[in-house]
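Participant: My structure is below; once you've seen it, I'll send some questions.
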Amino acid sequence: MATPNYGYEKRQKELAKRKKKEEKLKQKAERKTGDGVELTPNEAAEQAASAGGEAPAEPEAS
């Protein structure tokens with residue numbers, strides 16, 4: 001029976017972590033510059049509801 005290649009598994013795990021971290025940094029940079037604003041489905045629904053003429057959740061202070 002073949003033995004597990006723990007080194008390979010560890011390397012793949014590290015690569016996945018690095019990729020996820022880079023994606024997070026990229027998204028953070030995009031949010032900071034205002035480019036590529038992507039909304040989750042919940043956020044998009046909330047914006048659509050508030051733009052649809054419904055009253056805002058919080059009253060505006062004047």
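Participant: Is it true that some residue in the stretch 10-25 is modelled with pLDDT under 70 and not hydrophobic (A, V, I, L, M, F, W, C)?
Facilitator: Checked the stretch 10-25: no residue is modelled with pLDDT under 70 and not hydrophobic (A, V, I, L, M, F, W, C).
Participant: Continuing with this model, one more query. Looking at (1) of a type in the set (D, E, K, R); (2) at pLDDT 80 or above; (3) open to solvent by 100 Å² or more (accessible area, probe 1.4 Å), which is the only condition Glu60 fails?
Facilitator: All conditions pass for Glu60, except number (2).
Participant: Of the residues that sit in the stretch 26-41 and are modelled with pLDDT under 75 and of a type outside the set (Ser, Thr, Tyr), which one is least open to solvent (accessible area, probe 1.4 Å)? Let's see the steps before the verdict.
Facilitator: Applying the first criterion (modelled with pLDDT under 75) to the stretch 26-41 yields 35-41.
Next, only the ones that are of a type outside the set (Ser, Thr, Tyr) stay: 35-39, 41.
Numbers: Asp35: 98, Gly36: 50, Val37: 108, Glu38: 149, Leu39: 78, Pro41: 111 Å².
Applying the filter and picking the extreme gives Gly36.
The values are calculated or read from the model by the stated rules, or taken from the named source; none is laboratory data. Because the structure is predicted, anything quoted here is derived from the model rather than measured. Note: areas computed on protein heavy atoms with side chains; ligands, DNA, RNA excluded. Shrake-Rupley method; radii C 1.70, N 1.55, O 1.52, S 1.80 Å.
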